[in-house]
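The block underneath contains the structure these notes are about, expressed in structure tokens.
The values are calculated or read from the model by the stated rules, or taken from the named source; none is laboratory data. A quick note: this is a predicted structure, and the numbers were derived from the prediction, not measured. Glycine also receives a Cβ, built like all others from the backbone with ideal geometry; neighbour counts cover every protein chain displayed. Quick note on the areas: whole protein, heavy atoms, side chains included, nothing else; ligands and nucleic acids left out. Shrake-Rupley method; radii C 1.70, N 1.55, O 1.52, S 1.80 Å.
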Amino acid sequence: MAALDQLPMVLRIGSATHPPQLLLTGTPRPLKKLEELLFSNAEAKALRPGVVLRTGSSLANRANLAPSAVATMRALMNTRWGQQEVLGRLLMDVPGAIFGSAKWGRVEADAHEYARGLDRRIVSVDPAPTSETGSDETGIVVQGVRSSPLAGTDGAPLKRISVLKDASLRGSPREWAAAAIREYLAFGCDALVAEVNSGGEMVETTIQTVASEMGVQVNVKPVRAREAKSKRAEPVSALAETGRIELVGSFPKLEAQLAKFSGINGRRDDRVDALLWGVHELVFADSFFCF
């Protein structure tokens with residue numbers, strides 16, 4: 001990965017008509033770096049300008065292979081591993097993705113106008129430990145909730161989540177705090193939910209300090225993860241599977257993370273983590289959701 005990051009610095013010799021070119025060969029594994037090199041829009045599989053993708057099957061070389069090897073390849077070619085290793089197919093989806101069955105609602109509207117019709121609006125933040133190149137970004141997601149006319153088995157109105165904005169960024173604590181506060185004010189939010197696992201009390205202190213410097217007041221609600229993020233994601237996934245989470249606009253980076261989210265700790269899921277904290281605050285904070 002470090003070598004790939006350095007490539008733009010060494011591909012220098014050429015002209016406008018004969019630009020420097022890179023030939024990269026290998027097994028097409030679903031790596032983030034490979035996705036960034038190939039696609040301008042990974043979800044739509046839209047290649048970057050100037051990029052040519054060629055794939056091939058190991059079976060094309062069967063005339064030079066032992067019959068036993070060819071038989072093994074044929075036996076494996078319909079498996080996921082075989083599609084990648086034998087057929088050379090680039091499979092960017094993640095098996096077992098928690099939101100694989102989600103039915104996201106879609107709303108085309110001005111997010112600020114749409115937000116005015118919601119019962120609550122909040123900003124949720126998943127702070128990154130550092131702002132160094134290559135580190136996670138700080139997830140900053142604005143979302144709101146409204147009650148549905150339908151009721152659950154407990155008689156309480158069902159709730160519907162609206163994702164209004166993904167303002168995630170890579171920045172210092174002061175930078176992400178200021179960004180989150182700006183969204184808090186712009187959308188008229190009533191809470192700023194922030195995970196404090198990494199920064200502890202410093203997270204809330206930073207937000208309140210920056211808010212004071214901006215001359216505003218912010219209702220900060222610190223939250224702490226006490227279990228695996230997969231557990232936190234499961235009830236949110238249940239909402240998404242029933243079409244109870246809508247996206248007001250398009251969020252390519254957030255949606256790309258959702259498509260691959262497996263709940264494994266240590267993965268770069270900054271945007272998804274922020275979304276999860278927000279949904280828990282809006283739906284599950286008082287009582288567990290009932291179908």
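A few remarks follow.
- Output for the range 27-77, where each listed residue is within 28 Å of the chain's Cα centre (by Cα) and in a helix (DSSP H, G or I): Lys32, Lys33, Leu34, Glu35, Glu36, Leu37, Leu38
- Residue in the range 212-223 that is of a type outside the set (S, T, N, Q), at pLDDT 90 or above and either in a helix (DSSP H, G or I) or under 13 Å from the mean Cα position of the chain (by Cα) (or both) present: yes
- Pairs, first open to solvent by less than 30 Å² (accessible area, probe 1.4 Å) in the range 200-214, second at pLDDT below 90 and not in a helix (DSSP H, G or I), C-beta under 6 Å, six or more apart: Val203/Val196
- Residue selected from the range 78-97 under the condition open to solvent by 90 Å² or more (accessible area, probe 1.4 Å) and assigned to a loop (DSSP other than H, G, I, E, B), by the criterion modelled with the highest pLDDT: Arg89
- Among residues of the range 1-26, those that are over 29 Å from the mean Cα position of the chain (by Cα) and acidic (Asp, Glu), counted: 0
- Residue-level check: of (1) touching a strand residue (DSSP E or B) at 6+ places or on another chain (Cβ under 9 Å); (2) at pLDDT 85 or above, Ala63 misses just (1).
- Every residue from the range 170-205 that is part of a helix (DSSP H, G or I) and within 17 Å of Glu137 (Cα to Cα): Pro173, Arg174, Glu175, Trp176, Ala177, Ala178, Ala179, Ala180, Ile181, Glu183, Val203
- Selection of first residues in the range 222-237 that are in contact (Cβ under 8 Å) with a residue 24 or more places away in the chain and open to solvent by 20 Å² or more (accessible area, probe 1.4 Å) and of second residues that are small (Gly, Ala, Ser) and not in a helix (DSSP H, G or I), restricted to Cβ pairs under 6 Å at least 6 apart or on distinct chains, gives the following pairs, ordered by first then second residue: Pro222/Ala194; Ser230/Gly263.
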